[in-house]
Amino acid sequence: MKIEQKKAALAALTISTMFMLLILANVMVTATQGNKDIAWATHIKQSPYEGIEIKTRIADEKRYRLAVHYPVFLKQELNEEIETYITEKEMSFIEKAKTEKGIWKNHPDSFSISFQLVQAGDELYSILFETETYTSSGEHQTSYDTMMADTAAGLFLNGHDLFIDPRKAASAFERLAEEEGLPVPARFEGNERDFFYIGENEVVFLAENNKKENVHLPLRKVSPYLKKEWRDRLAVNNAPLKTAVKKPPKTDKLQGGKSKKAALTFDDGPNPESTGAILTILKKYKAKATFFVLGSRVEFYPELVEQIVQEGHQVGNHTWSHKDLTKLPPGEITKEIDLTAAAVEAAAGVSPVAVRPPYGATNKQVNDLLGIEPVLWTIDTMDWKSHDPKAISGIVKKEAKDGAIILMHDIHHTTVLALEELIVSLQKEGYELVTVDDL
Ligand code: NI
């Protein structure tokens, strides 16, 4: 290449670079200043929640009409993200409105954003944005987005912030939805941007393309998959008592609340031989159960714990090393519980919220440290003592009544042998076999 050619090429490059920079600068001005050409009428009013205002912007232009409503928080970081979201939506609408040649040329296109705000917990707010557009070509579109604001930290949260293991939670929710006969919450996959929000006593997963109905799962079902901080912060607004009054579980509705329920519980596992065999039998008879696991066992068989959870059973905490908690100092009690919880969370992405102290031994100190009522039992099968399948199922048949909690151990071969007959006879008597939480 000759010198002259090089110079010319360089000049061309410089000019094209400058041109690109100009375009870029222009775009940036538009982006940062919002839609400055539009004459907005702005209005601010107080929301029902302290520290949150509602901002309304309305514009009536010749080609289009806009009306947007959105919440304004005390934290500027939150407001900036919402403004960016709103501005992006407006700009893409305006671009479309400008280029479209509709059938009613004199009829302006219209665009609106509205929202629902729910206080999900302590300084935690869920926002459901609804964007509606009508274009002059007669097209009507509605779309939804969700945001969850931690107003204490000034952050928006996603699945990664809220859930112990969003991927494992996602597959558990999928199964939960299927069992309830609901469409699968396809838009929750534990990604950075997840289309769900926490409402009052429920978690709502948005349906894809707004074609299907949204999936509502009761918060109490979703809650064990949340990190402890969020379980605690949500508990403020979502007391379990309120759940019982407001929304009876679906199964009760279907069966008129008349079905008898019993909870099979298995302690001291997981065990590589018997736990797997028990899961196979439970699956065969569509029975659900609760496994009170030992942390020291979970460490060796995490895949069994994950299988328990993924097949719809509940995992409870049976301490790390099966010591009598009433004989331990407070620090040791907490350690026994917390280490086990951490092992289960790592294995299955769920927290073993229910606790059964070894030997059922508890006192005020233990209960205070647990912070919840421990789960004991109403029927002791004595399976650890008799090792006799006939005797085990005989005790259950004799003592079964509605609300029974049946104590067994998934570490004995003879318990596995008793299980099938035991389940068949309970189901014949009209019992639904559920987890302790569903009792
Ligand atoms: Ni035990």
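When only alpha carbons of region 308-352 are considered, Rg and Dmax amount to 11.7, 36 Å.
Here region 270-383 is treated as a Stokes sphere of Kirkwood radius computed over C-alpha pairs; at 10 °C and 1.306 mPa s its diffusion coefficient rounds to 110 µm²/s. Within region 363-416, all pairs of alpha-carbon atoms sorted by distance into 5 Å bins from zero give the percentages 4, 19, 23, 16, 14, 12, 9, 3.
A DSSP coil position with no more than 12 other Cβ atoms inside 10 Å describes the following GluC sites (Glu not before Pro) in region 88-157: Glu139.
Applying 1/(1 + (r/R0)^6) with R0 = 22 Å to the Cβ-Cβ distance of His413 and Ser296, what FRET efficiency is obtained, to the nearest 0.05? About 0.55, to the nearest 0.05.
Do any of Lys75/Lys228; Lys62/Lys89; Lys221/Lys390; Lys168/Lys401; Lys75/Lys221 go past 29 Å between their Cα atoms, and which? Walk me through the intermediate numbers first.
Working: Lys75/Lys228 24 Å; Lys62/Lys89 19 Å; Lys221/Lys390 35 Å; Lys168/Lys401 35 Å; Lys75/Lys221 32 Å.
Over 29 Å Cα-Cα: Lys221/Lys390; Lys168/Lys401; Lys75/Lys221.
D by Stokes-Einstein for region 48-150, Kirkwood Rh over Cα pairs, 20 °C, 1.002 mPa s: 146 µm²/s. Evaluated over the Cα positions of region 41-87, the convex hull gives a direction-averaged projected area, one quarter of its surface, of 3.5 nm². For the pair region 40-102 / region 325-377, the C-alpha centres are spaced 49 Å from each other.
Converting phi to 3J(HN,Hα) with the Karplus coefficients 6.51, -1.76 and 1.60 and the offset θ = phi - 60°, region 330-342 yields x, x, 6, 4, 4, 5, 4, 6, 5, 5, 5, 4, 5 Hz in sequence order, with x at every glycine or proline.
Within region 307-348, the trypsin sites (Lys or Arg not before Pro) that combine a DSSP coil assignment with at most 16 other C-beta atoms in a 10 angstrom radius are Lys323.
Compared with the direct C-alpha span, the chain from Ile38 to Lys75 gains 10.7 nm at full extension, assuming 0.36 nm per residue.
Full extension of the chain segment joining Asp368 with Lys385 gains 3.0 nm, where the gain is 0.36 nm per residue of separation less the Cα-Cα distance.
A short reminder: the numbers here are calculations on the coordinates, not readings from a lab. Not measured: the values here are computed from a predicted model. No Cβ is skipped: glycine too gets one built from the backbone with ideal geometry, and neighbour counts run over all protein chains shown.
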